[in-house]
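Please treat every number below as a calculation from the coordinates, not as lab data. These numbers come from a predicted model, not from an experiment. Heads up, the Cβs are rebuilt from the backbone with ideal geometry, glycines too, and the neighbour counts pull from every protein chain shown.
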Amino acid sequence: MYKIVFSDIDGTLLNHDRELSPTTISTIKNLKNKLPFILISARMPAAMRHLQADLEINEQPIICYNGGLILVNGGAINSTEIPLNTLEDLCEFNQKMNCHLSLYNSDEWYVPQYDQWAAREENNTKVKPEIKSNNEVLSAWKKDNKGAHKIMAMGDEAHIDKIKDYLSENFPGQLHLYRSKPTYLEIANKEISKLTAIKFLLKNHFNLTPEQSIAFGDNYNDVEMIKGVGMGVAVGNARKEVLEVANIVTQSGKEDGVAKSLKELFKI
């Protein structure tokens, strides 16, 4: 039988107000004494902790940045960054275009200015960014020998195309370039994915196997995870690629699909 549940957040677990519905909260609270419920997202830790608190699962690990950072009891047990020299190259390339580049490391989120992109992300994640130019962040990180857990490029479609092409050509096989929408490009280290993080956490913390796991998702960055666990569940609003590899399809995220599926699977 299944021993652990992993769930994506945006598009999967949240309702149309980008919040946890009362049904979702009560279902997961009912479940949490039976088995661990783990949040797994492209989000930074601070954008996940308030959801953990609402679900009363603060003691559980979280997988942030699509697997780039795994936290147990608040401490990193696995961390995979984009190297600083890649970051420097991108910032230099971007100077002419001045596309918005948000830089993330652990609980740090830096934006070059507070613009529409920063405001939208703050609204979506309930986290406030720090305003610091990309170059200032780079020089501070250089001193601390840090890279980025995630870079978010946000801007008009043509600029995002150029950044994607530039990174594909200059850093082949080194980066995940994940386009969540035409104006957004999420950039992470190629070595990691949600599935690599699940496997690491299962082996090193829970002593369970992927076959004993359930995972819920909706988007391209969930495909590998949905395919790689014992029970991969796509919410009804998922991308075609996710629907194709899922074991089952439930209602959409906005219709409490995760809660409905958990109730059926665990008779709660």
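A few comments on the model shown:
- C-alpha center-to-center spacing [the stretch 166-181, the stretch 6-58] in angstrom: 29 Å
- The chain, relative contact order [Cα under 8 Å, separation at least 6], %: 22 percent
- When both the stretch 74-99 and the stretch 245-267 are represented by their alpha-carbon centers, they are found 36 Å apart.
- For residue 113, neighbours were defined as the other residues whose beta-carbon sits under 15 Å from its Cβ, and their charges (Lys and Arg +1, Asp and Glu -1) total -2.
- Working from Cα pairs under 8 Å separated by at least six residues, relative contact order for the stretch 146-248 is 19 percent.
- Computed as a quarter of the hull surface, the mean projected area of the alpha carbon convex hull for the stretch 159-268 stands at 8.0 nm².
- Only lysines eight or more places from residue 142 in sequence, or on another chain, were considered; those with a Cα closer than 25 Å are 96, 128, 132, 150, 164, 190.
- 0 to 90° range, to nearest 10: angle between helix 46-55 axis and the chain longest Cα axis: 10 degrees
- Here is the list for the stretch 207-268: trypsin sites (Lys or Arg not before Pro) lying in DSSP coil, each with at most 14 other C-beta atoms within 10 angstrom of its C-beta, are 267.
- Cubic angstrom per residue, convex hull over Cα atoms of the chain: 118 Å³
- Each of 99, 64, 91 was scored by other Cβ atoms within 10 Å of its Cβ. Arranged with the fewest first, they read 91, 99, 64.
- Cross-link partners for residue 143 among the aspartates and glutamates, with Cα-Cα distance under 17 Å and sequence neighbours closer than 8 places in the same chain left out: 81, 88, 108.
- Computed over the stretch 84-189, the percent of Cα pairs more than 17 Å apart is 48.
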